1. State in Å² the accessible area per residue of the stretch 1-63; use a 1.4 Å probe, count heavy atoms of protein chains only, and round to the nearest integer.
2. Students often forget the sequence filter, so: which aspartates and glutamates lie under 20 Å Cα-Cα from LYS34 once same-chain residues fewer than 8 apart are removed?
3. Comparing LEU44, LEU320, LEU335, which has the greatest mean-square fluctuation in the GNM of the chain with Cα pairs linked when under 10 Å apart?
4. Suppose accessible area is computed on protein heavy atoms with a 1.4 Å probe; arrange ASP267, ASP54 from highest to lowest.
5. For the modelled label position 7 Å from the Cα of ASP54 along Cα-to-Cβ, which residues of the stretch 1-38 have backbone nitrogen atoms closer than 19 Å?
6. To the nearest 0.05, how large is the calculated FRET efficiency for ARG247 and ARG90 if R₀ is 51 Å and r is the Cβ-Cβ distance?
7. For ASP334, what charge total do you get from the other residues with a beta carbon under 14 Å from its beta carbon, if Lys and Arg give +1 and Asp and Glu give -1?
8. Of the accessible area of the stretch 231-306, with the probe set at 1.4 angstrom, what percent is carbon plus sulfur?
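The values are calculated or read from the model by the stated rules, or taken from the named source; none is laboratory data. Remember, predicted model here, so these are calculated numbers, not experimental data. Here the Cβ positions follow ideal geometry from the backbone for every residue, glycine too, while neighbour counts run over all protein chains shown. When the accessible area is computed, the model is the full protein with side chains, heavy atoms only, and any ligands, DNA or RNA have been set aside. Shrake-Rupley method; radii C 1.70, N 1.55, O 1.52, S 1.80 Å.
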Amino acid sequence: MTDLIQLERQLLARIASADERALEELRVTALGKKGAITELLKSLGTMSPEERKDKGPQFNGLRDRIAEAIAARKAQLEDRVLNERLATERVDVTLPVADVERGIIHPVSQVLDEITAIFADLGFAVAEGPDIEYDDYNFTKLNIPPEHPARQMHDTFYLKPQADGSRHLLRTHTSPVQVRTMLKQQPPIRIIAPGRSYRHDSDATHSPMFHQVEALVIDEETHLGNLRWLIEEFCKAFFEISNVRMRFRPSYFPFTEPSMEVDIGCDRSGNRIKIGDGNDWLELGGSGMVHPHVLELCGIDPKRYQGFAFGLGLDRMAMLKYAIPDIRSFFESDLRWLRHYGFMPLDIPSLEGGLSR
Ligand code: FA5
(Lines give C-alpha, C1' and ligand atoms only; values in the text may rest on other atoms or scores of the structure.)
Protein backbone atom coordinates (compact mmCIF):
# COMPACT_ATOMS: atom_id res chain seq x y z
CA MET A 1 0.00 0.00 0.00
CA THR A 2 2.75 2.43 0.99
CA ASP A 3 4.54 1.50 -2.25
CA LEU A 4 1.44 2.48 -4.15
CA ILE A 5 1.10 5.80 -2.33
CA GLN A 6 4.77 6.53 -2.94
CA LEU A 7 4.50 5.62 -6.63
CA GLU A 8 1.47 7.90 -7.00
CA ARG A 9 3.19 10.82 -5.20
CA GLN A 10 6.32 10.48 -7.32
CA LEU A 11 4.36 10.32 -10.56
CA LEU A 12 2.12 13.29 -9.65
CA ALA A 13 5.15 15.40 -8.69
CA ARG A 14 6.92 14.61 -11.97
CA ILE A 15 3.74 15.22 -13.98
CA ALA A 16 3.25 18.65 -12.34
CA SER A 17 6.63 19.91 -13.56
CA ALA A 18 6.89 18.00 -16.88
CA ASP A 19 7.17 19.69 -20.24
CA GLU A 20 5.47 18.14 -23.27
CA ARG A 21 8.23 15.67 -24.03
CA ALA A 22 8.71 14.59 -20.41
CA LEU A 23 4.96 14.19 -20.04
CA GLU A 24 4.80 11.79 -22.96
CA GLU A 25 7.73 9.78 -21.49
CA LEU A 26 5.91 9.65 -18.15
CA ARG A 27 2.73 8.42 -19.81
CA VAL A 28 4.66 5.61 -21.47
CA THR A 29 6.54 4.59 -18.30
CA ALA A 30 3.35 4.61 -16.21
CA LEU A 31 0.52 3.65 -18.54
CA GLY A 32 2.25 2.28 -21.69
CA LYS A 33 2.24 -1.40 -22.65
CA LYS A 34 5.07 -2.15 -20.25
CA GLY A 35 4.38 0.75 -17.88
CA ALA A 36 4.53 0.42 -14.08
CA ILE A 37 0.76 0.74 -13.56
CA THR A 38 0.01 -1.55 -16.51
CA GLU A 39 2.25 -4.19 -14.92
CA LEU A 40 0.36 -3.82 -11.65
CA LEU A 41 -2.95 -4.31 -13.48
CA LYS A 42 -1.52 -7.36 -15.27
CA SER A 43 -0.52 -8.86 -11.91
CA LEU A 44 -4.20 -8.98 -10.89
CA GLY A 45 -4.53 -12.04 -13.12
CA THR A 46 -2.18 -14.05 -10.94
CA MET A 47 -3.89 -13.15 -7.63
CA SER A 48 -6.45 -15.06 -5.62
CA PRO A 49 -10.03 -13.78 -5.88
CA GLU A 50 -9.89 -12.13 -2.41
CA GLU A 51 -6.60 -10.43 -3.11
CA ARG A 52 -7.92 -9.25 -6.49
CA LYS A 53 -11.00 -7.78 -4.79
CA ASP A 54 -8.74 -5.79 -2.52
CA LYS A 55 -6.05 -4.70 -5.03
CA GLY A 56 -8.24 -4.29 -8.13
CA PRO A 57 -9.93 -1.02 -7.04
CA GLN A 58 -6.60 0.36 -5.76
CA PHE A 59 -4.76 -0.30 -9.03
CA ASN A 60 -7.64 0.92 -11.19
CA GLY A 61 -8.04 4.05 -9.05
CA LEU A 62 -4.32 4.76 -9.36
CA ARG A 63 -4.48 4.33 -13.16
CA ASP A 64 -7.47 6.69 -13.44
CA ARG A 65 -5.93 9.43 -11.26
CA ILE A 66 -2.61 9.33 -13.11
CA ALA A 67 -4.34 9.40 -16.52
CA GLU A 68 -6.41 12.41 -15.38
CA ALA A 69 -3.34 14.23 -14.05
CA ILE A 70 -1.51 13.65 -17.36
CA ALA A 71 -4.50 14.96 -19.36
CA ALA A 72 -4.82 18.05 -17.12
CA ARG A 73 -1.10 18.85 -17.44
CA LYS A 74 -1.29 18.40 -21.20
CA ALA A 75 -4.18 20.87 -21.44
CA GLN A 76 -2.28 23.31 -19.22
CA LEU A 77 0.81 23.11 -21.47
CA GLU A 78 -1.28 23.60 -24.63
CA ASP A 79 -2.99 26.68 -23.15
CA ARG A 80 0.36 28.14 -22.25
CA VAL A 81 1.70 27.68 -25.82
CA LEU A 82 -1.42 29.26 -27.26
CA ASN A 83 -1.26 32.25 -24.90
CA GLU A 84 2.40 32.80 -25.73
CA ARG A 85 1.57 32.79 -29.46
CA LEU A 86 -1.34 35.18 -28.96
CA ALA A 87 0.90 37.55 -27.01
CA THR A 88 3.74 37.55 -29.54
CA GLU A 89 2.08 37.02 -32.95
CA ARG A 90 0.24 40.30 -33.48
CA VAL A 91 -0.75 41.78 -36.84
CA ASP A 92 -1.30 45.52 -37.08
CA VAL A 93 -3.92 45.76 -39.80
CA THR A 94 -3.51 49.53 -39.97
CA LEU A 95 0.08 49.26 -41.28
CA PRO A 96 0.59 50.01 -45.01
CA VAL A 97 0.62 46.95 -47.30
CA ALA A 98 4.13 45.65 -47.87
CA ASP A 99 5.51 45.62 -51.41
CA VAL A 100 3.73 42.45 -52.53
CA GLU A 101 2.28 41.42 -55.88
CA ARG A 102 -1.16 43.00 -56.09
CA GLY A 103 -4.17 42.95 -58.33
CA ILE A 104 -5.05 45.88 -60.57
CA ILE A 105 -8.53 47.10 -61.44
CA HIS A 106 -9.35 47.03 -65.17
CA PRO A 107 -10.44 50.43 -66.60
CA VAL A 108 -13.85 48.96 -67.53
CA SER A 109 -14.45 47.90 -63.91
CA GLN A 110 -13.20 51.29 -62.71
CA VAL A 111 -15.54 53.20 -65.04
CA LEU A 112 -18.42 50.89 -64.11
CA ASP A 113 -17.83 51.72 -60.42
CA GLU A 114 -17.54 55.43 -61.20
CA ILE A 115 -20.82 55.45 -63.14
CA THR A 116 -22.59 53.46 -60.42
CA ALA A 117 -21.36 55.90 -57.74
CA ILE A 118 -22.71 58.89 -59.71
CA PHE A 119 -26.14 57.39 -60.34
CA ALA A 120 -26.42 55.99 -56.81
CA ASP A 121 -25.96 59.56 -55.59
CA LEU A 122 -28.86 60.62 -57.84
CA GLY A 123 -31.14 57.96 -56.28
CA PHE A 124 -30.88 55.23 -58.96
CA ALA A 125 -30.90 51.50 -58.19
CA VAL A 126 -28.77 49.03 -60.18
CA ALA A 127 -30.73 46.42 -62.18
CA GLU A 128 -29.30 43.32 -63.84
CA GLY A 129 -30.21 40.89 -66.59
CA PRO A 130 -28.58 37.84 -68.17
CA ASP A 131 -26.14 37.95 -71.11
CA ILE A 132 -28.11 35.16 -72.83
CA GLU A 133 -31.48 36.73 -73.50
CA TYR A 134 -34.89 35.90 -74.99
CA ASP A 135 -35.48 37.25 -78.47
CA ASP A 136 -38.75 38.57 -77.03
CA TYR A 137 -37.00 40.80 -74.43
CA ASN A 138 -34.09 41.89 -76.64
CA PHE A 139 -36.35 42.79 -79.58
CA THR A 140 -40.11 42.11 -79.62
CA LYS A 141 -41.08 43.79 -76.31
CA LEU A 142 -38.87 46.72 -77.33
CA ASN A 143 -41.18 47.28 -80.29
CA ILE A 144 -38.91 45.39 -82.71
CA PRO A 145 -41.14 42.51 -83.92
CA PRO A 146 -39.75 39.68 -86.13
CA GLU A 147 -38.95 40.89 -89.65
CA HIS A 148 -38.57 44.49 -88.37
CA PRO A 149 -35.66 46.07 -90.33
CA ALA A 150 -34.11 47.40 -87.08
CA ARG A 151 -33.08 43.83 -86.25
CA GLN A 152 -30.53 44.00 -89.07
CA MET A 153 -28.78 46.94 -87.36
CA HIS A 154 -27.75 44.76 -84.42
CA ASP A 155 -25.53 42.03 -85.98
CA THR A 156 -26.89 39.51 -83.50
CA PHE A 157 -25.22 36.31 -82.24
CA TYR A 158 -27.99 33.69 -82.08
CA LEU A 159 -27.88 30.41 -80.15
CA LYS A 160 -29.12 27.07 -81.52
CA PRO A 161 -32.94 26.95 -81.90
CA GLN A 162 -34.98 25.56 -78.97
CA ALA A 163 -37.43 22.65 -79.44
CA ASP A 164 -40.27 25.15 -80.08
CA GLY A 165 -38.20 26.89 -82.80
CA SER A 166 -37.48 30.04 -80.74
CA ARG A 167 -33.85 31.14 -80.50
CA HIS A 168 -32.04 32.62 -77.52
CA LEU A 169 -29.39 35.22 -78.33
CA LEU A 170 -26.50 37.11 -76.76
CA ARG A 171 -28.12 40.42 -75.85
CA THR A 172 -27.17 43.12 -78.33
CA HIS A 173 -27.72 45.95 -75.85
CA THR A 174 -28.66 46.49 -72.20
CA SER A 175 -32.19 47.64 -73.14
CA PRO A 176 -33.78 44.21 -72.36
CA VAL A 177 -33.08 45.05 -68.70
CA GLN A 178 -35.66 47.86 -69.15
CA VAL A 179 -38.18 45.17 -70.13
CA ARG A 180 -37.25 42.89 -67.22
CA THR A 181 -37.56 45.79 -64.76
CA MET A 182 -40.93 47.02 -66.05
CA LEU A 183 -42.36 43.48 -66.10
CA LYS A 184 -41.72 43.07 -62.39
CA GLN A 185 -42.04 46.61 -61.02
CA GLN A 186 -44.64 49.35 -61.37
CA PRO A 187 -43.51 53.02 -61.50
CA PRO A 188 -41.90 55.04 -60.12
CA ILE A 189 -38.84 53.38 -61.70
CA ARG A 190 -35.35 54.80 -61.59
CA ILE A 191 -32.66 52.29 -62.52
CA ILE A 192 -29.36 51.95 -64.31
CA ALA A 193 -28.27 48.66 -65.87
CA PRO A 194 -24.57 48.41 -66.65
CA GLY A 195 -23.40 45.24 -68.36
CA ARG A 196 -22.01 43.29 -71.27
CA SER A 197 -23.52 43.40 -74.76
CA TYR A 198 -22.57 41.47 -77.91
CA ARG A 199 -22.57 42.27 -81.62
CA HIS A 200 -20.80 40.83 -84.64
CA ASP A 201 -18.52 43.83 -84.95
CA SER A 202 -14.76 44.49 -84.57
CA ASP A 203 -12.48 47.48 -85.23
CA ALA A 204 -10.69 50.15 -83.16
CA THR A 205 -13.96 51.47 -81.72
CA HIS A 206 -16.15 48.33 -81.97
CA SER A 207 -15.70 45.09 -80.05
CA PRO A 208 -17.80 41.87 -80.38
CA MET A 209 -18.23 42.00 -76.60
CA PHE A 210 -18.58 45.48 -75.16
CA HIS A 211 -20.29 47.23 -72.25
CA GLN A 212 -23.21 49.59 -72.08
CA VAL A 213 -24.93 51.40 -69.29
CA GLU A 214 -28.67 51.77 -69.60
CA ALA A 215 -30.76 54.25 -67.63
CA LEU A 216 -34.54 54.11 -67.27
CA VAL A 217 -36.86 56.55 -65.51
CA ILE A 218 -40.64 56.05 -65.49
CA ASP A 219 -43.02 58.25 -63.54
CA GLU A 220 -46.23 60.25 -63.88
CA GLU A 221 -44.43 63.39 -65.00
CA THR A 222 -41.20 63.04 -66.92
CA HIS A 223 -40.04 64.94 -69.97
CA LEU A 224 -37.10 65.55 -72.29
CA GLY A 225 -35.84 68.36 -70.01
CA ASN A 226 -35.31 65.80 -67.23
CA LEU A 227 -33.43 63.53 -69.65
CA ARG A 228 -31.19 66.33 -70.82
CA TRP A 229 -30.46 67.53 -67.27
CA LEU A 230 -29.64 63.99 -66.12
CA ILE A 231 -27.19 63.30 -68.95
CA GLU A 232 -25.54 66.69 -68.46
CA GLU A 233 -25.12 66.25 -64.69
CA PHE A 234 -23.82 62.74 -65.26
CA CYS A 235 -21.24 63.92 -67.81
CA LYS A 236 -20.03 66.74 -65.55
CA ALA A 237 -19.50 64.31 -62.68
CA PHE A 238 -18.00 61.56 -64.84
CA PHE A 239 -15.55 63.69 -66.81
CA GLU A 240 -14.87 65.80 -63.70
CA ILE A 241 -15.47 69.11 -65.47
CA SER A 242 -17.77 71.98 -64.50
CA ASN A 243 -19.04 72.79 -67.98
CA VAL A 244 -20.16 70.43 -70.71
CA ARG A 245 -21.58 71.15 -74.12
CA MET A 246 -24.23 68.67 -75.16
CA ARG A 247 -25.94 68.15 -78.50
CA PHE A 248 -29.04 66.06 -79.12
CA ARG A 249 -29.43 64.87 -82.72
CA PRO A 250 -32.69 63.41 -84.00
CA SER A 251 -32.31 59.66 -84.39
CA TYR A 252 -34.35 56.48 -84.58
CA PHE A 253 -34.79 53.67 -82.07
CA PRO A 254 -38.02 51.62 -82.28
CA PHE A 255 -38.35 51.66 -78.47
CA THR A 256 -38.20 55.46 -77.99
CA GLU A 257 -40.20 58.31 -79.48
CA PRO A 258 -38.78 60.86 -80.01
CA SER A 259 -35.28 59.37 -80.22
CA MET A 260 -32.03 61.27 -79.99
CA GLU A 261 -28.35 60.58 -80.31
CA VAL A 262 -26.36 62.28 -77.54
CA ASP A 263 -23.11 64.06 -78.47
CA ILE A 264 -20.67 65.74 -76.11
CA GLY A 265 -18.50 68.73 -77.02
CA CYS A 266 -14.77 68.05 -77.34
CA ASP A 267 -11.49 69.23 -78.80
CA ARG A 268 -9.59 66.92 -81.18
CA SER A 269 -6.83 69.33 -82.15
CA GLY A 270 -4.04 67.73 -80.03
CA ASN A 271 -2.96 64.11 -79.66
CA ARG A 272 -5.81 63.30 -77.37
CA ILE A 273 -9.49 64.14 -77.27
CA LYS A 274 -10.26 66.76 -74.64
CA ILE A 275 -13.82 66.72 -73.30
CA GLY A 276 -15.54 70.03 -72.57
CA ASP A 277 -13.49 72.41 -74.77
CA GLY A 278 -13.29 72.84 -78.52
CA ASN A 279 -15.74 72.85 -81.40
CA ASP A 280 -15.95 69.16 -82.15
CA TRP A 281 -18.54 66.56 -81.12
CA LEU A 282 -18.32 63.00 -79.91
CA GLU A 283 -21.13 60.43 -79.81
CA LEU A 284 -21.93 58.95 -76.39
CA GLY A 285 -25.04 56.86 -77.12
CA GLY A 286 -28.77 56.80 -77.80
CA SER A 287 -31.69 58.19 -75.82
CA GLY A 288 -35.34 59.14 -75.97
CA MET A 289 -38.79 59.03 -74.38
CA VAL A 290 -39.91 55.41 -73.87
CA HIS A 291 -42.36 54.45 -76.64
CA PRO A 292 -45.94 54.08 -75.25
CA HIS A 293 -46.21 50.71 -77.01
CA VAL A 294 -43.18 49.43 -75.04
CA LEU A 295 -44.83 50.52 -71.78
CA GLU A 296 -47.98 48.69 -72.82
CA LEU A 297 -46.10 45.50 -73.81
CA CYS A 298 -44.41 45.56 -70.39
CA GLY A 299 -47.64 45.99 -68.39
CA ILE A 300 -47.43 49.72 -67.63
CA ASP A 301 -50.34 52.06 -68.37
CA PRO A 302 -49.08 54.57 -70.99
CA LYS A 303 -51.98 56.93 -70.28
CA ARG A 304 -50.82 57.40 -66.71
CA TYR A 305 -47.05 57.01 -67.00
CA GLN A 306 -44.31 58.05 -69.34
CA GLY A 307 -40.54 57.93 -69.09
CA PHE A 308 -37.17 58.28 -70.72
CA ALA A 309 -34.19 56.02 -71.26
CA PHE A 310 -30.67 56.17 -72.58
CA GLY A 311 -27.90 53.70 -73.37
CA LEU A 312 -24.25 54.75 -73.40
CA GLY A 313 -21.17 52.84 -74.54
CA LEU A 314 -19.21 52.20 -71.35
CA ASP A 315 -15.95 51.14 -73.02
CA ARG A 316 -16.09 54.23 -75.23
CA MET A 317 -16.52 56.39 -72.14
CA ALA A 318 -13.47 54.71 -70.56
CA MET A 319 -11.50 55.33 -73.78
CA LEU A 320 -12.46 59.00 -73.74
CA LYS A 321 -11.78 59.64 -70.10
CA TYR A 322 -8.50 57.76 -69.86
CA ALA A 323 -7.21 58.38 -73.43
CA ILE A 324 -7.16 54.71 -74.45
CA PRO A 325 -6.86 54.62 -78.25
CA ASP A 326 -8.09 51.10 -79.21
CA ILE A 327 -11.08 49.25 -77.71
CA ARG A 328 -9.60 45.84 -78.64
CA SER A 329 -6.74 46.34 -76.15
CA PHE A 330 -9.32 46.17 -73.32
CA PHE A 331 -9.79 42.46 -73.87
CA GLU A 332 -6.29 41.28 -74.83
CA SER A 333 -5.29 40.45 -71.22
CA ASP A 334 -1.90 42.14 -71.65
CA LEU A 335 -0.50 42.68 -68.14
CA ARG A 336 1.76 45.54 -69.27
CA TRP A 337 -1.30 47.34 -70.65
CA LEU A 338 -3.21 46.68 -67.43
CA ARG A 339 -0.36 48.01 -65.27
CA HIS A 340 -0.32 51.18 -67.39
CA TYR A 341 -4.06 51.86 -67.59
CA GLY A 342 -5.28 49.99 -64.46
CA PHE A 343 -6.26 51.32 -61.03
CA MET A 344 -5.31 50.56 -57.44
CA PRO A 345 -7.75 48.09 -55.84
CA LEU A 346 -8.21 50.21 -52.71
CA ASP A 347 -9.03 53.44 -54.59
CA ILE A 348 -12.78 52.86 -54.62
CA PRO A 349 -14.50 55.64 -56.63
CA SER A 350 -16.91 57.83 -54.68
CA LEU A 351 -18.23 61.35 -55.17
CA GLU A 352 -16.80 62.44 -51.79
CA GLY A 353 -13.39 60.72 -52.07
CA GLY A 354 -12.89 61.39 -55.79
CA LEU A 355 -13.95 59.36 -58.81
CA SER A 356 -10.50 58.84 -60.31
CA ARG A 357 -7.03 59.61 -59.00
C1 FA5 B 1 -28.42 51.08 -78.41
O2 FA5 B 1 -27.85 50.02 -78.16
C3 FA5 B 1 -29.70 51.45 -77.67
N4 FA5 B 1 -30.16 50.32 -76.91
C5 FA5 B 1 -29.42 52.66 -76.80
C6 FA5 B 1 -30.66 53.28 -76.24
C7 FA5 B 1 -31.09 52.95 -74.98
C8 FA5 B 1 -31.40 54.18 -77.00
C9 FA5 B 1 -32.25 53.51 -74.46
C10 FA5 B 1 -32.56 54.76 -76.50
C11 FA5 B 1 -32.96 54.41 -75.24
P12 FA5 B 1 -26.64 51.94 -80.10
O13 FA5 B 1 -26.69 50.76 -80.99
O14 FA5 B 1 -26.45 53.25 -80.72
O15 FA5 B 1 -27.98 52.05 -79.18
O16 FA5 B 1 -25.48 51.71 -79.01
C17 FA5 B 1 -25.27 52.61 -77.95
C18 FA5 B 1 -23.78 52.81 -77.73
O19 FA5 B 1 -23.16 51.55 -77.48
C20 FA5 B 1 -23.03 53.38 -78.94
O21 FA5 B 1 -23.13 54.78 -78.99
C22 FA5 B 1 -21.62 52.94 -78.65
O23 FA5 B 1 -21.01 53.83 -77.71
C24 FA5 B 1 -21.82 51.61 -77.95
N25 FA5 B 1 -21.58 50.49 -78.89
C26 FA5 B 1 -22.42 49.96 -79.80
N27 FA5 B 1 -21.83 48.93 -80.46
C28 FA5 B 1 -20.60 48.81 -79.94
C29 FA5 B 1 -19.50 47.91 -80.18
N30 FA5 B 1 -19.57 46.90 -81.06
N31 FA5 B 1 -18.36 48.10 -79.46
C32 FA5 B 1 -18.29 49.09 -78.54
N33 FA5 B 1 -19.29 49.94 -78.25
C34 FA5 B 1 -20.43 49.80 -78.95
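1. Normalised by residue count, the accessible surface of the stretch 1-63 is 69 Å².
2. Reachable aspartates and glutamates: ASP3, GLU8, GLU24, GLU25, ASP64, GLU68.
3. LEU44
4. ASP54, ASP267
5. 1-7
6. 0.25
7. Here the charged neighbours net out to +1.
8. The computed percentage sits at 46.
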